[in-house]
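Right, one structure below, let's go through it.
The values are calculated or read from the model by the stated rules, or taken from the named source; none is laboratory data. These numbers come from a predicted model, not from an experiment. Every residue, glycine among them, receives a Cβ derived from its backbone with ideal geometry; neighbour counts consider all protein chains shown. These accessible areas exclude ligands, DNA and RNA; they are computed on the full protein's heavy atoms, side chains included. Shrake-Rupley method; radii C 1.70, N 1.55, O 1.52, S 1.80 Å.
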Amino acid sequence: MIEIVDAKFITSAPNIEAAPETQEQNEVVFMARSNVGKSSLLNALTNHKGLAKVSSTPGKTRLINYFDVTFIDRETTEKKIAKFVDLPGFGYAKVSKSMKHEWEKNLTDYISKREQIKLFVHLIDCRHSDLEIDASVSEFLLANIKENQVILQIFTKIDKLNQKEQNVLRQKFPNSMMVSSSKKKGMQKVITTIYEILYEEDEV
Ligand SMILES: Nc1nc2c(ncn2[C@@H]2O[C@H](COP(=O)(O)OP(=O)(O)O)[C@@H](O)[C@H]2O)c(=O)[nH]1
Ligand SMILES: [Mg+2]
């Protein structure tokens, strides 16, 4: 079994130029519209309540936040380090137009140019699976992704859907995952999947 045994905040950066200079391609980038549950998921995955501050004010965080995360394989007791990157929420309305532009450029720059990224985790609120903004994010990712990078789509707040609604969503998006951070559902599967994408690519 794969577990996350340690997670700690490293630093924040306003843009790609200020991002940490690292060698490995071990960044897992979490991206979502504001309020989709990104901070809650980061906290739940790392079992660390205050890691990413769960903010009630949409779009409050405008910095790229870095966390060092330690995985352990319980069978071999081998540990591996990754960086979880909390990108600012997109589609945030309460800023001026010019600021919004500047800010979106920072995000798109980061996504398209940061070579340390291995995995893009795109979070979508399960109750709003057809929003234009998420479609354009998916499109942008597909257009800009490099050969050895991976996209993982995860629906959040799955506790808000009944079983039938969950099944419909699962059929519609068979390659996506579903989680509930508040009910701690789907965490193990997400952790294992991230681990496999980061470290077991050669064995597939
Ligand atoms: N029902 C439910 N609510 C959630 C879940 N995850 C987050 N929330 C709530 O959604 C709101 C936004 O969560 P947050 O993690 O701050 O979203 P972020 O803006 O994407 O970082 C908060 O009120 C959370 O309590 C979940 O799995 N289920
Ligand atoms: Mg947040």
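Of note:
- Across the protein chains, with a 1.4 Å probe defining accessible surface, the residues D86, D68, D159 rank D159, D68, D86 from largest area downward.
- A convex hull fitted to the Cα coordinates of the range 2-203 yields 127 cubic angstrom per residue.
- Carbon + sulfur, % of accessible area of the range 2-203 - ligands and nucleic acids excluded, 1.4 Å: 49 percent
- For the range 134-204: accessible area per residue (Å², 1.4 Å): 63 Å²
- Extension gain for E75 to A18 (0.36 nm times residue separation, less C-alpha to C-alpha distance): 16.7 nm.
- Distance-filtered residues of the range 136-161 - backbone nitrogen under 14 Å, label point 7 angstrom along S176 Cα→Cβ: 136-139, 152-161
- Förster radius 30 Å - calculated FRET efficiency between V168 and I133, Cβ distance, rounded to 0.05: 0.90
- Mean Cβ neighbour count within 10 Å, used as a protection proxy, ranking 146-152, 35-41 highest first: 35-41, 146-152
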